[in-house]
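Enquirer: Quick one: structure below, then a few questions.
The values are calculated or read from the model by the stated rules, or taken from the named source; none is laboratory data. Bear in mind that the values here come from a model prediction, so they are computed numbers and not experimental data. FYI the Cβ positions are ideal-geometry reconstructions off the backbone, even for glycines, and counts take in every protein chain you see.
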Amino acid sequence: MATISTKSTDEFSVSLRRPKGYSVQAVGVIQAAALVDRYVIPHRDSRRKVGYQRPTSQPRVNKLIADLRRGQVDLPTAVLLNQRDFEPQTHLVERSDGGALLTPSGSDLYVVDGQHRIEALAKLVEESPEVWSPYEVTFVCMLGADEHEEMKQFYVVNSTAKSVRTDLALDLLKQQAENDPAFMEALIQKGEDWKVEAQTITDALEKTRLWKGRIRLPSESKGETTIGSAGMVSSLKQVLDTPFFGAISTDNRVKILTAFWEGIASVIPEAFGLSTGGPADPAEYAIQKSTGVMIMHQLLIPTLELLRSQGKSVVESENYAEALRETLLGLEGDTGEGGVARGADFWLSGVEGAAGSFSSNAGRRVLAARLRSSLPDVEVE
């Protein structure tokens, strides 16, 4: 890739380059006021077979506007543009009678990638021009490409881009919130602060006896793990939204969850690879996988309320074992082989167990309801 020339003014900084196999491109920064005065979004018209951009998502634009106003985000990645009527002799920066690439009076700039960022800036410039007009946007601009080439680049950008894995995103979210109070405040405003707490609990659970080596942290190989950290985090939302569990400290939440799972393991040790009478690998059971964890965490709250109504400690595993013994050992379901699986065998993966038939959202709700109905009634004095 060769850089041909570099020019700049108070409003623009531009380098001209020629990528191997492609036409000349301009790379640089442009002030928001100059960009929003000239941009065109070629939305797709499927009947006429022109354009290629998806409809603008106003909620996405509004969210970005709010984040920019609060100073919670920047726009560090370049938008991809195209000036279709570019002529090789046209100046890049200086004004001229023939028009210029990056002056406000120049030709239209077609938005290939970055429509939501530019739409958000357009709204901000309209509302507060004195604040947002000087905002600098990094860009790459194709020079003289036609709509067909724009479509090609649009397809490449949107079909090859890979979103950040959920487990990594949650891990990074927690770290940002811990280091930036303003970021945490923004999460609270959005109702997403539970993700930070759930990730914190997940990190703590991974260090406990039953979950050590079972929760797959970001960038780790599957190995002997049974559930990804994102799956554990998601399962905790339902319990964090409840009055008692949602009001106590993180340490107490971890103590309760540890006691809860230890109580379950003492009733059906085979499902955790703790019994010599069953398979040694808990991966052969579904209870420590996403399906089992989601279902059991739905059972945690009624079990917790049962123990509290009986005046029993909620951080002692023996109390959970006593409360859940009949429920767990009596659980049964049809296997894929046409038989009936009970107790620990219910959670066997594959055709030998019955838990697999409850892996859908509806199935998990049904099984959780069955388990809740088998618990003793909560007594009220």
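Enquirer: Give just the number: which of (1) within 16 Å of Asp85 (Cα to Cα); (2) at pLDDT 90 or above; (3) of a type outside the set (D, E, K, R) does Ala120 not satisfy?
Expert: (1)
Enquirer: Can you confirm whether Ala265 is modelled with pLDDT under 95, in a helix (DSSP H, G or I) and either assigned by TED's automatic domain parsing to the domain that holds Lys174 or β-branched (Val, Ile, Thr) (or both)?
Expert: Details: modelled with pLDDT under 95: no; in a helix (DSSP H, G or I): yes; either assigned by TED's automatic domain parsing to the domain that holds Lys174 or β-branched (Val, Ile, Thr) (or both): yes.
Considered against the rule, which asks whether it is modelled with pLDDT under 95, in a helix (DSSP H, G or I) and either assigned by TED's automatic domain parsing to the domain that holds Lys174 or β-branched (Val, Ile, Thr) (or both), Ala265 comes out as no.
Enquirer: Of the residues Gln238, Gln298, only one is touching a His at 6+ places or on another chain (Cβ under 7 Å) and of a type in the set (S, T, N, Q); which?
Expert: Gln238
Enquirer: List every residue pair whose Cβ atoms lie under 6 Å apart, where the two residues are 6 or more positions apart in sequence or sit on different chains, the first residue falls within the stretch 132-144 and is in the same structural domain as Gln31 (by TED's automatic domain parsing) and hydrophobic (A, V, I, L, M, F, W, C), and the second residue, located anywhere, is surrounded by fewer than 19 Cβ atoms within 10 Å (Cβ to Cβ) and not in a strand (DSSP E or B).
Expert: Phe139/Ala78; Val140/Ala78; Leu143/Val24
Enquirer: Given the condition at pLDDT below 95, in the same structural domain as Arg308 (by TED's automatic domain parsing), over 19 Å from Gly273 (Cα atoms) and under 31 Å from the mean Cα position of the chain (by Cα), answer yes or no: does some residue in the stretch 340-357 qualify?
Expert: yes
Enquirer: Exactly one condition in (1) within 22 Å of Val254 (Cα to Cα); (2) out of contact with any Gly (no Cβ under 7 Å at 6 or more places or on another chain); (3) surrounded by 13 or more Cβ atoms within 10 Å (Cβ to Cβ) is false for Gly311; which is it?
Expert: Every listed condition holds for Gly311 apart from (3).
Enquirer: While we're on this one: What are the residues in the stretch 108-158 that are in contact with a helix residue (DSSP H, G or I) (Cβ under 7 Å, 6 or more places away or on another chain) and of a type in the set (Gly, Ala, Ser), if any?
Expert: Of everything in the stretch 108-158, those that are in contact with a helix residue (DSSP H, G or I) (Cβ under 7 Å, 6 or more places away or on another chain) and of a type in the set (Gly, Ala, Ser) turn out to be Ala120, Ala122, Ser133.
Enquirer: Right, here's the next one. For the stretch 57-74, which residues satisfy the criterion of being farther than 13 Å from Gln115 by Cβ and in a loop (DSSP other than H, G, I, E, B)?
Expert: Within the stretch 57-74, Gly71, Gln72, Val73, Asp74 qualify.
Enquirer: Mind listing whichever residues of the stretch 159-180 are surrounded by 13 or more Cβ atoms within 10 Å (Cβ to Cβ) and modelled with pLDDT under 80?
Expert: Arg165
Enquirer: Follow-up. Going through Asp45, Asp10 one at a time, which residue ends up being on the phi < 0 side of the Ramachandran plot and at pLDDT 60 or above?
Expert: Asp45
Enquirer: Restricting to the stretch 109-130, and then to whatever is touching a residue at least 12 places away in the same chain (Cβ under 8 Å) and not in a helix (DSSP H, G or I), can you tell me which residue is surrounded by the most Cβ atoms within 10 Å (Cβ to Cβ)?
Expert: Val112
Enquirer: If Glu379 meets every condition in (1) assigned by TED's automatic domain parsing to the domain that holds Ala230; (2) surrounded by fewer than 21 Cβ atoms within 10 Å (Cβ to Cβ) apart from one, which number is that one?
Expert: Every listed condition holds for Glu379 apart from (1).
Enquirer: Let me ask something else. Need pairs with beta-carbon distance below 8 Å; first residue free of Cβ contacts under 8 Å to residues at least 24 places away in the same chain and within the stretch 308-335, second assigned to a loop (DSSP other than H, G, I, E, B) and crowded, with 16+ Cβ neighbours inside 10 Å; sequence gap 6+ or separate chains.
Expert: Taking only residues 6 or more apart or on different chains, the pairs are Glu332/Ala354; Asp334/Ala354; Thr335/Gly353; Thr335/Ala354.
Enquirer: For the stretch 231-251, how many residues are surrounded by 11 or more Cβ atoms within 10 Å (Cβ to Cβ), closer than 17 Å to Glu305 by Cβ and out of contact with any Gly (no Cβ under 7 Å at 6 or more places or on another chain)?
Expert: Residues meeting the conditions: 8.
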